[in-house]
Structure formats: structure tokens, C-alpha cells
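Take a look at the structure set out below.
The values are calculated or read from the model by the stated rules, or taken from the named source; none is laboratory data. If you're wondering where the values come from, they're calculated on a predicted model, not measured in any experiment. Using ideal geometry, Cβ is built from the backbone for each residue, glycine included, and neighbour counts are taken over all protein chains shown.
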Amino acid sequence: MAKVVIFGVLDTAELAHFYLTHDSDHEVVAFTVNREYLKEATFWGLPVVAFEEVETLFPPSEFKFFAPMTGRKMNKNREKVYLDAKAKGYEFISYISSKATLFGNEIGENCFILEDNTIQPFTKIGNNCVLWSGNHIGHHGVIKDHVFFTSHVVLSGHCVVESYSFFGVNATIRDYTVIAEGTLVAMSASITKNTEAWGVYMGSPAEKRPTPSYKVY
């Protein structure tokens, strides 16, 4: 059990508060946002404090951190908060739903893994990843840091997902595929071969679009 400070006061932070409260041994004690977005003093009956001074009010020696953010800017926003909080000295929790199916998988810190995810044996997940509900993550795969899966994605066996990638709803990835850094796999896209870094892939079979992912999302 840890006493946890959550970054954010929007939907994802609200959901994190719900899941941690109802499906973990952790205790949420506060929320934090960048000072420019600090509009209310409380959220869900808990204090909201400026991120710029959070370590003085909730010292890293006593509290842990959770930043369950969206994949905007190809996960770069979430990476920045993760690294900034780490620089303040915080350790991170991960939330893994009790309704997810795992097999002793190696999973990093600051991961947000919701209900009905199936993560098959021998697959590893890095730091600062989000797996929304209902994904199938195949065996012997590697998912690196700062990756976002929406829902009902099928990642087949022996795949490698490089950092900053993003998967839309109902995307399907063939076995032994390498998803290059910063790949955006669109909703319902079917990936049958290795992707190129910062590419946007749409359709079935998927084709690469000319605009790079960091200019799209």
C-alpha cells in the first residue's frame, strides 16, 4: 500500500482515483496540476496542489506518484510529467486491474492497465504505458516505454512495440511485427508488416500516410 498523489483533474485522473479507491490497496491523498491549470482547491474532496511545489507538500520520502495521462502528442506530454516527477524524487505506482489476466509478466512503473486486458506469458511491458480496457497482448512480446493502447487491440505473438507508439480501437497487428518508434496505428487498421518510425498507418491492410504521427496526434 502507498499514499499516492495523482497528476491531473480531468477524466483520466478521475478514473484513476476511482480504480485506485475501489480496486487497489493504495490510498489517494491529493491531486496535482501545473500551476497555470490550478482552478479549484479540491477535487473529489482531496486537495489539488501546484505541481511546481508538490514535493514540498507531499514529500517523495512519504508519498508516491501516479500520472495516468492520455497519449496526446504521441505520449510526449505524459513522458514529460513522468520525467519531471521522477526528477523531483518520486517513485511511481502502477495500477493493474484485478479483472485483467496476467501470467507473472514484467511490467514497469506508472502503467495504467484496465479491466479485461489479456497479457499472455513471456510478454514484457515497459514504463509509463497505458492499456485501456479489452486488449489482447500476445505472448513473447515486448512493449517499450510511453506506449498507449486504446481498446480491443489485438497484438499478436512475438511483436516488438517501440516507444511512443499509439494504437486506435480495434487495431490488429500480425505476429513477429516490429512497430517502430512513434507509430500511430489508426482505428481498425490491420498491420501486416514492420512500420516506419513516426508513421501513420490506416486501413486494412494498412498503408502509411504522408503526414508524420507527431503532426497528427
Across segment 1-38, what is the total count of residues that are crowded, with 20+ Cβ neighbours inside 10 Å, touching a residue at least 40 places away in the same chain (Cβ under 8 Å) and part of a loop (DSSP other than H, G, I, E, B)?
-> 1
If we scan segment 127-144, do we find a residue that is assigned to a loop (DSSP other than H, G, I, E, B), surrounded by fewer than 22 Cβ atoms within 10 Å (Cβ to Cβ) and in contact (Cβ under 8 Å) with a residue 40 or more places away in the chain?
-> yes
If we keep just the residues of segment 1-39 that are in contact with a helix residue (DSSP H, G or I) (Cβ under 6 Å, 6 or more places away or on another chain) and polar (S, T, N, Q), which is farthest from P59 (Cα to Cα)?
-> N34
Taking the stated definitions as given, is I93 free of Cβ contacts under 8 Å to residues at least 60 places away in the same chain and closer than 19 Å to M1 by Cα?
-> no
Log entry, pairs with first residue in segment 53-78 being modelled with pLDDT of 95 or more, second being loosely packed, with under 15 Cβ neighbours inside 10 Å and small (G, A, S), beta carbons closer than 8 Å, six or more apart or on different chains, reads E55/G89; P60/G89; S61/G89
Please work out if P121 is within 12 Å of the chain's Cα centre (by Cα) and either at pLDDT 95 or above or not in a loop (DSSP other than H, G, I, E, B) (or both).
-> no
Do you know which residues across segment 89-111 are assigned to a loop (DSSP other than H, G, I, E, B), surrounded by fewer than 16 Cβ atoms within 10 Å (Cβ to Cβ) and not small (G, A, S)?
-> E91, K99, F103, E106
